[in-house]
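S.K.: First the structure, then my questions, so here it is.
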Amino acid sequence: MNVNITKGLDLKLNGAAPDATLDFALTDRFSIRPSDFRWLLPKLLVQAGDRVEIGTPLLCDKRDERIVIVSPMAGTAQEIVRGEKRVIEEITIARDSESAIEATVDFDAPTDGDSVRKLLLQYGLWPCLRQRPFATIPNPDSKPKSVFIPCFDSNPLAPDFNVLLRGKEEYFRHGIKMLQLATNNVPVHLCMHEGTDNQLFESTENVQKHYFSGPHPAGNVGTHLHHIDPIGKSDVVWYVDPQEVARIGRFFAEHVLQFEKTAALTGPVVKSTGYFNTVYGADLTALFADNLAQDNVRIISGSVLSGSKLGVSPTLRFHDRQITVIAEGGKREIFGWLLPGLKKWSASHTFLSWLTPKRTYEVNTSLHGGRRAVMMTDVYDKVFPFDLMPLQLLKACEIKDIEQMEALGIYEIDSEDFALCELVCPSKKEWQRIVEEALLELRMQN
């Protein structure tokens, strides 16, 4: 199937990652954050001072204790950080010096879907899966009608999946076989970027292959679902990142449990961009040492459109494959709106930079405007490639009108699908936060 996306927008930034590996040595500090897993209700399974190994359960979901978050490294649980109302915010692990980043586990080869699911749950690999609607860890008893594997990312400065999966090709193919076994052979959809090198994905057998072209959000899984297999209130669809598929494949092929990941360091203020190998939860502070062009920066796990701001002891979030660093804004410009703006990005023709469509830009965190009431405008329709009414749906989400949200197609989308609407919004509304809160309200009502 070929799908051409005509509505959308590409934010072209400086600081893409070349095909080069950065030197990065794992530190002795690891941080596991329950907030990496949407709406997980964490129940603590270890205490400060406890010894942990790779695969030791640290947390479980109070609603279903079969879902566990495990330690990615051998060491000692050092500190349990709690926030308001004693909510668990972080578990820090002091890594054993020179400890291995993988562990060999012993289990019988699975013969059916139930045994595959039990092993994924037992060894902490179940959180690699996510579901739509709600973009949460799926219920272990759920029966998805299909599985989606997005094979490219159209976000600004997104990494090349061929680099992320280099050396993991066979594990990727085996991981797909295990997912097919776990789901009783429901359709598996590989969604690729038309016109790029898709040899790895095209050589995979017994899957359905689709090609997408056009601007962002052509690479979002929500876009793929909408055009290939739309879902309703009673439907469930799983989706998995290709690196997680490879992780699952290696686990079943070689009985090796590991949480290593390749990610890209990108951004206009990064001196040396590239790819680095890390382990989930590892402190990335050393990655930025002497590698930033200025001090006042914002470090983001994910893309500038829908990523998460990182604070002290930054770590790559569980499902992310990119770190982006941009300058902090907040400075006022004298007559900035009167100048030609040849080096300023704009979604409209406000600045003359639209005359050079291939230019890349440096951006910062400034809003470039004030927050105001929602305006009736068609600007959202120009960047929202769904057969839905974005303005009406966003207004329903803001007032949490459940019936209206359902009627307008809320189950097909997630907050990241409205990142461009937030970017071009003349009212500077935080639409992604509003949509996520509306989805949480909807989930609690169901």
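The values are calculated or read from the model by the stated rules, or taken from the named source; none is laboratory data. Computed from a predicted structure; not experimentally measured. Every residue, glycine as well, gets a Cβ built from its backbone with ideal geometry; the counts of neighbours run over all protein chains shown. Accessible surface is based on the protein model in full, side chains and every heavy atom, while ligands, DNA and RNA are left aside. Shrake-Rupley method; radii C 1.70, N 1.55, O 1.52, S 1.80 Å.
S.K.: Can you give me the Kirkwood hydrodynamic radius for segment 226-298, using every pair of distinct Cα atoms, in Å to one decimal?
M.R.: 15.9 Å
S.K.: Which three numbers, in whole Å and largest first, are the semi-axes of the equivalent ellipsoid of the chain derived from its Cα gyration tensor as √(5λ)?
M.R.: Sorted largest first and rounded, they come to 34, 27, 23 Å.
S.K.: Return the calculated 222 nm mean residue ellipticity for the chain, to the nearest 500 deg cm²/dmol, obtained by summing -39500 (n - 2.57) across DSSP H runs with n ≥ 4 and dividing by the residue count.
M.R.: Mean residue ellipticity, 222 nm, calculated: -5500 deg cm²/dmol.
S.K.: OK, next. How large is the dipole of the chain about the Cα centre if only Lys and Arg carry +1 and Asp and Glu carry -1, each at its Cβ, rounded to the nearest 20 debye?
M.R.: The dipole magnitude comes to about 1120 debye.
S.K.: Let me check against my output: what whole-number percent is the relative contact order of the chain, with C-alpha pairs under 8 Å and at least 6 apart?
M.R.: 19 percent
S.K.: Then there's this: Just in segment 46-144: which GluC sites (Glu not before Pro) are loop by DSSP and have at most 12 other Cβ atoms within 10 Å?
M.R.: Glu98
S.K.: What is segment 89-174 by shape, rounded, prolate or oblate, if you read a ≥ b ≥ c off the alpha carbon gyration tensor as root eigenvalues and call it rounded for a/c under 1.5, prolate for a/b larger than b/c, and oblate otherwise?
M.R.: Rounded, because the longest to shortest axis ratio a/c is under 1.5.
S.K.: DSSP beta bridges in the chain, what fraction antiparallel, as a percent rounded to 5?
M.R.: 70 percent
S.K.: Also, quick follow-up: Can you list the HN-Hα couplings for segment 362-372, worked out from phi with the Karplus curve (6.51, -1.76, 1.60; θ = phi - 60°), rounded to whole Hz and with x for Gly and Pro?
M.R.: Once rounded to whole Hz, the list reads 9, 10, 9, 8, 5, 6, 6, x, x, 6, 8.
S.K.: For segment 295-441, what % of the accessible area comes from carbon and sulfur atoms, probe 1.4 Å?
M.R.: 53 percent
S.K.: Using θ = phi - 60° and the Karplus relation 6.51 cos²θ - 1.76 cosθ + 1.60, list the HN-Hα couplings for segment 71-83 in order, rounded to whole Hz, with x at every Gly or Pro.
M.R.: Per residue, the Karplus-derived 3J(HN,Hα) values read 6, x, 8, 7, x, 10, 5, 8, 8, 10, 9, 10, x Hz.
S.K.: Which of the lysines could a cross-linker span from Lys7 if the Cα-Cα distance has to be under 18 Å and same-chain partners fewer than 8 positions apart are dropped?
M.R.: Lys382
S.K.: Moving to a separate point now. Show the residues, 5+ positions off or on another chain, whose built amide H is closer than 5 Å to the amide H of Tyr361.
M.R.: Counting only residues 5 or more places away or on other chains, the set is Leu13, Asn14.
S.K.: Tell me the per residue accessible area of segment 19-168 using a 1.4 Å probe; a whole number in Å² is fine.
M.R.: Result: 45 Å² per residue.
S.K.: Would you work out the charge dipole size for segment 34-86 about its Cα centre, treating the Cβ of every Lys and Arg as +1 and the Cβ of every Asp and Glu as -1, and quote it to the nearest 20 debye?
M.R.: Taking the Cα centre of segment 34-86 as origin, the dipole is about 240 debye.
S.K.: Which order, highest average first, do 275-284, 308-317 follow once you tally other Cβ atoms within 10 Å for each residue and take the mean per peptide?
M.R.: Per-residue mean Cβ counts within 10 Å order the peptides as 275-284, 308-317.
S.K.: Which ³J(HN,Hα) values in Hz, rounded to whole numbers, follow from the phi angles of segment 259-267 under the Karplus curve 6.51 cos²θ - 1.76 cosθ + 1.60, where θ = phi - 60° and Gly and Pro get x?
M.R.: Rounded to whole hertz, the list is 10, 6, 8, 9, 9, 10, 9, 9, x.
S.K.: Still on this structure, please answer the following. Test of understanding: what is the full-extension gain from Asp381 to Asn296, defined as 0.36 nm times their sequence separation minus their Cα-Cα distance? Show your work: numbers first, answer last.
M.R.: Details: separation 85, 0.36 × 85 = 30.60 nm, distance 3.49 nm.
Full extension of this stretch gives 27.1 nm more.
S.K.: Moving to a separate point now. Ignoring ligands, DNA and RNA, what accessible area per residue does segment 390-432 give at 1.4 Å, in Å²?
M.R.: Per residue, segment 390-432 has an accessible area of 34 Å².
S.K.: Hey, what did segment 237-394 get for relative contact order, percent, Cα under 8 Å, at least 6 apart?
M.R.: 16 percent
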